[in-house]
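Read through the structure below, which is laid out as structure tokens, and then see the notes.
The values are calculated or read from the model by the stated rules, or taken from the named source; none is laboratory data. Computed from a prediction, not measured in an experiment: that's the story for all the values here. Because the Cβ atoms are built from the backbone with ideal geometry, glycine has one as well, and the counts that use them run over all protein chains shown.
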């Protein structure tokens with residue numbers, strides 16, 4: 001785990017339903033986009049990049 | 001008035017004890033029934049992580065959607081064994097923060113979010129929240145008010161001590 005990992009994200013909030021935010025977040029360093037359904041999910045997506053190892057992110061198939 | 005039963009009876013009830021705050025930032029400790037030692041936090045993100053991990057650990061409330069990640073495969077991290085409590089709810093709910101204490105009970109996790117109730121112990125006030133964002137806003141606004149009150153009390157105290165009339169300088 002690399003605690004000093006840095007990343008850049010582009011966050012696009014498209015809706016504000018259910019007292020939260022929904023939209024797309026793009027991890028610009030890898031050019032990968034995911035939809036998020038809440039602020040919690042957005043934060044967990046970004047935190048996953050910052051605190052998971054390269055193998056955990058890129059070593060998965062599918 | 002004591003802590004309402006709809007807070008006390010929820011298995012994942014947690015005491016979020018705020019010891020210090022800056023605008024939109026809080027520091028403190030979290031206590032819950034599945035942790036012997038407090039978890040110290042210095043920002044809001046660890047609070048969200050701890051409470052979400054607690055719900056995952058005890059399977060209550062179950063998340064209604066699968067977690068999303070930036071990995072190519074949607075990875076599901078779920079322990080197979082339900083955690084056992086190490087303390088009782090009254091022991092958790094007696095903890096107090098230096099600035100404010102919020103007893104949080106998450107009762108559902110729909111829409112990749114949280115729904116439940118939060119009880120502000122010092123003010124004996126309960127509010128419902130429909131998302132984790134709403135919970136955070138409730139806590140941060142309450143702490144902001146508390147901070148303003150403390151600042152005012154400090155200021156008033158200094159004025160009384162010095163017996164000087166005039167405007168109150170910000171701290």
(message) Take the residues in segment A:48-57 that are surrounded by 13 or more Cβ atoms within 10 Å (Cβ to Cβ), part of a helix (DSSP H, G or I) and more than 7 Å from chain B (Cβ to nearest Cβ); name whichever of them is modelled with the lowest pLDDT.
(response) A:51
(request) Return the total of residues in segment B:102-139 being surrounded by 14 or more Cβ atoms within 10 Å (Cβ to Cβ) and away from chain A (no Cβ under 13 Å). (result) 12
(message) Can you find a residue that is modelled with pLDDT of 95 or more and more than 11 Å from chain B (Cβ to nearest Cβ) anywhere in segment A:36-44?
(response) no
(request) Would you mention how many residues in segment B:15-37 are closer than 16 Å to residue B:88 by Cα, part of a loop (DSSP other than H, G, I, E, B) and in contact with a helix residue (DSSP H, G or I) (Cβ under 9 Å, 6 or more places away or on another chain)? (result) 3
(message) Can you pull out every residue in segment A:12-38 that is crowded, with 18+ Cβ neighbours inside 10 Å, over 11 Å from the mean Cα position of the chain (by Cα) and not in a loop (DSSP other than H, G, I, E, B)?
(response) A:22
(request) Please enumerate the residues belonging to segment B:40-70 that are away from chain A (no Cβ under 13 Å) and either more than 14 Å from the chain's Cα centre (by Cα) or buried (at least 18 other Cβ atoms within 10 Å of the Cβ) (or both). (result) B:41, B:54, B:57, B:58, B:59, B:60, B:61, B:62
